[in-house]
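The values are calculated or read from the model by the stated rules, or taken from the named source; none is laboratory data. These figures come from a predicted structure and were not determined experimentally. Backbone-built Cβ (ideal geometry, glycine too); neighbour counts: all protein chains shown.
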Amino acid sequence: MARNEQLIRQHKILQLLEMARFGRTLEEVREDLLADLGLTSLHERTVRRDLEALMAAGFDIQDEQLPRGKVYKLGRTERGIHKITATATELIALSIGRDLLFPLVGTQYWQGIESFWNKIQEEMPDGVWDHYQRFRKSVHVMGGPTKSYEKQEGILRTMNRAIAEHRVVEIDYESTGRPVTTRRIEPYGLAVYQSSLYVVAAASEVKNPEERLRHWKLDRFHRASALDEWFKPDPDVDVSKHLKNSIGIFSGDSPTPVRIRLGKRAAAWVREDPWHPGQQLEEEPTGTFIMTVPTAHPREVLPKVLALGADAEVIEPETVRAAVAEVVAKLAAAYDVSGEPNHSTKA
């Protein structure tokens, strides 16, 4: 049995019963498990033991004999049929968070968000709800998500199952500007960054432990199939710690400190909108500042430095400074800032 397989199956049973108002027979539960979890076989005895284990653990699962057979359904307690209270301020905070999660529309996560939101709406006193609606019109979420992953729901389900079961996944992946390639990955977790979803996974063919873990953008997946092959998770991999090692979403367990000289205005901006929790600012005698920030790849720093214009200069390392200089040179050529007039005249 794959690691966590029983836990995943039992959690799925609870989800299936949540959606079944009139309950499900043992055979119906078995068929849904086969379809939703992508299993090749599953015996009714296994499903019955899972249900019995859930009931023994204290879940309010009831069985009832109906003309179509014995059905299992959740009791009122497990369905969450109880009074939900919230203040107008709590509603506003929750609704703003809901707006920021629009990339998850169509996925199982969004179904949970909407289900909970609808429960709150149904339980709210009219006065509280009316106050919330009036105030919410004055709060606008800008720069939020502009896409959803509804079309990738199937791939996302496959990745979630593979992460929980430590199962190897075969994917068809299209990197920007490159043809689609078939890869094998070992997924550890998911990450949300600037309204995009990423799979944090090791590349199976890479042997160097410092280079194996990478971030695969879900938008670039054409296909994902969980294989009947399992991997042993690296005990040294801590996804949360790994994601904190750089400014953006680039992977790297050994971030490089980058030193950037900033003018007063640029320093004020990076104080207001920090690039990284670990950034450091030191004032120089001349009134400028030196910011030190960790990065996994020059491309993380490049757009941020360019956005500050002449008020920011990369000091070191030389590789990052050279990368910025190369882009600046190309921009100068594109905009023809040589000083020579560029007039075209017609006789």
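Would you please list the contacts, defined by Cβ atoms under 8 Å and residues six or more apart or on different chains, that run from a residue in the stretch 237-260 that is at negative phi and at pLDDT 80 or above to a residue that is part of a strand (DSSP E or B) and aromatic (F, W, Y)?
That search, which allows pairs on different chains as well, returns V237/Y188; V239/Y188.
I'd like to check which helices (runs of 4 or more DSSP H) are fully inside the stretch 231-308 and have at least 2 residues that are under 26 Å from H215 (Cα atoms).
Details: elements: 239-243, 264-272, 298-307.
Per the criteria, 239-243, 298-307.
Which residues, taken from the stretch 270-280, are of a type outside the set (S, T, N, Q) and crowded, with 16+ Cβ neighbours inside 10 Å?
Filtering the stretch 270-280 down to residues of a type outside the set (S, T, N, Q) leaves 270-278.
Answer for the stretch 270-280, where residues must be of a type outside the set (S, T, N, Q) and crowded, with 16+ Cβ neighbours inside 10 Å: V270, W275, H276.
Within the stretch 281-318, count every residue that is polar (S, T, N, Q) and exposed (fewer than 12 other Cβ atoms within 10 Å of the Cβ). Talk me through it step by step, then tell me what you get.
Let us first name the residues in the stretch 281-318 that are polar (S, T, N, Q), namely 286, 288, 292, 295.
When the remaining residues are screened for being exposed (fewer than 12 other Cβ atoms within 10 Å of the Cβ), the result is 286.
So the answer is 1.
Okay, residues lined up against (1) modelled with pLDDT under 85; (2) surrounded by fewer than 16 Cβ atoms within 10 Å (Cβ to Cβ):
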site: D130; (1), (2): yes, yes
site: F135; (1), (2): yes, yes
site: G143; (1), (2): yes, yes
site: T146; (1), (2): yes, yes
site: Q152; (1), (2): no, no
site: I171; (1), (2): no, no
site: R178; (1), (2): no, yes
site: T181; (1), (2): no, yes
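Taking the stated definitions as given, is S204 among the small types (G, A, S) and either at positive phi or surrounded by 16 or more Cβ atoms within 10 Å (Cβ to Cβ) (or both)? Let's see the steps before the verdict.
Details: among the small types (G, A, S): yes; either at positive phi or surrounded by 16 or more Cβ atoms within 10 Å (Cβ to Cβ) (or both): yes.
Yes.
Out of (1) surrounded by fewer than 17 Cβ atoms within 10 Å (Cβ to Cβ); (2) of a type outside the set (A, V, I, L, M, F, W, C); (3) modelled with pLDDT under 80, what's the single condition that is false for D99?
(3)
For the stretch 1-52, which positions are in contact with a Gly (Cβ under 9 Å, 6 or more places away or on another chain) and of a type in the set (S, T, Y)?
The answer is T25, and nothing else.
I'd like to know if the stretch 226-242 contains one or more residues that are buried (at least 17 other Cβ atoms within 10 Å of the Cβ), polar (S, T, N, Q) and within 30 Å of G278 (Cα to Cα).
The answer is no; no qualifying residue exists.
Can you name the residue in the stretch 44-93 that is part of a helix (DSSP H, G or I) and modelled with pLDDT under 85 and, of all such residues, is surrounded by the fewest Cβ atoms within 10 Å (Cβ to Cβ)? Step through it out loud before you land on a result.
We begin by selecting, within the stretch 44-93, every residue part of a helix (DSSP H, G or I); these are 44-56, 88-93.
Right, trim to modelled with pLDDT under 85 and you get 88-93.
Working: A88: 18, T89: 11, E90: 13, L91: 21, I92: 17, A93: 13.
So, considering only residues that are part of a helix (DSSP H, G or I) and modelled with pLDDT under 85, the one surrounded by the fewest Cβ atoms within 10 Å (Cβ to Cβ) is T89.
From the list A329, A347, A323, which one is more than 33 Å from the chain's Cα centre (by Cα), of a type in the set (A, V, I, L, M) and either closer than 22 Å to S254 by Cβ or modelled with pLDDT under 90 (or both)?
Details: A329 fails: either closer than 22 Å to S254 by Cβ or modelled with pLDDT under 90 (or both); A323 fails: more than 33 Å from the chain's Cα centre (by Cα).
Answer to the selection: A347.
Just to be sure, is V200 over 27 Å from H11 (Cα atoms) and of a type outside the set (K, R)? Don't jump to the end; show me each part of the working.
Details: over 27 Å from H11 (Cα atoms): no; of a type outside the set (K, R): yes.
No, not satisfied.
Which residue pairs have Cβ atoms under 6 Å apart, sit 6 or more places apart or on different chains, and have a first residue in the stretch 205-226 that is of a type in the set (F, W, Y) and a second that is outside any strand (DSSP E or B)?
Correct list of pairs: F221/I155.
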